[in-house]
Each structure stands twice: as structure tokens, then as C-alpha cells.
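Taking it in order: structure first as C-alpha cells, then the write-up.
The values are calculated or read from the model by the stated rules, or taken from the named source; none is laboratory data. In this text the structure is predicted, and so the values were computed from the model without any measurement. Here the Cβ positions follow ideal geometry from the backbone for every residue, glycine too, while neighbour counts run over all protein chains shown. Calculation scope for accessible area: heavy atoms of the full protein, side chains included, ligands and nucleic acids excluded. Shrake-Rupley method; radii C 1.70, N 1.55, O 1.52, S 1.80 Å.
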Amino acid sequence: MKKFLDEFKAFAMRGNVMDLAVGVIIGGAFSAITTSLINDILMPFTGIFVNTASFADLCLHINGAEIAYGNFIQAVLNFLIMAFVVFCLVKTVNRLSRKKEEAPPPPPQPSNEEKLLTEIRDLIKEKR
């Protein structure tokens, strides 16, 4: 049982798993913000143009069935805003990581053998 727990601990503490967990938590919180933006600000404002309080009120009544297409429009807008924000974040992170990669590495230091050979060469030049 201890071996199993040690393996699980090693798995859970890997960088990628922790990054994923943080991403899911922040994504959930950001989703709530985006949903509020859509439901509380954008939809009532756009509802002015469709003569209803919000898109959520838009629906069709067919043979006693109610088709709430306004909720679907809100969900699509929510998705598009989330996708746009994630795209902007990924683009920014990629640009920042590219700048780090473009920095040239420092020149390699000569090995002890190269240093010794350089000294011998310089001594031979001095004697001539």
C-alpha cells in the first residue's frame, strides 16, 4: 500500500498535473465571470434590439413544446468569448516563450585541454 501511495504522490506532484489542476480551477472561476458578463450585461443590452428583456426570454411554442433558442444563443456567445480569451492567452504565452528561446546561448567555455593547447601554441609563437 505504501508503494502505491508513493507512486500516486510522485504522479500528483509532477509539474504537468499541478498545472492542469490550477488551469481547471482558474477556468471554472473564469467561466463564472464570463457567464455573468453574458447573462447580466451583454444579453440585456442586446435584448433592447430584439424587444425583449434578454435573449433568454426568446423561445418558440410549437404544439405545447417550448424551444428556448435564446438560451442556446447565450451559450454560443459564452463559448465564443471564452474561446477568444483562451486564444489571446495562449498567443501571449507563446510569444513570451518564443522570446526566451530566441536568446542565444552563451558561448561554450574551452575545455582544460583546449586551454593547455592554447598556452603551448602561445609559448611556441613567443620562442619564434
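Is it fair to say residue 93 is free of Cβ contacts under 8 Å to residues at least 12 places away in the same chain and open to solvent by less than 80 Å² (accessible area, probe 1.4 Å)? No: the conditions fail for residue 93. Checking each residue in segment 38-57 for being modelled with pLDDT of 80 or more and either β-branched (Val, Ile, Thr) or surrounded by 14 or more Cβ atoms within 10 Å (Cβ to Cβ) (or both) picks out only 41. Against the conditions (1) hydrophobic (A, V, I, L, M, F, W, C); (2) open to solvent by 80 Å² or more (accessible area, probe 1.4 Å); (3) outside any helix (DSSP H, G or I), residue 80 satisfies every one except (3). Summed over segment 63-77, residues that are assigned to a strand (DSSP E or B) and either open to solvent by 90 Å² or more (accessible area, probe 1.4 Å) or touching a Gly at 6+ places or on another chain (Cβ under 7 Å) (or both) total 1.
Looking across segment 97-128, just one residue is surrounded by 10 or more Cβ atoms within 10 Å (Cβ to Cβ) and modelled with pLDDT under 80, and that is 97.
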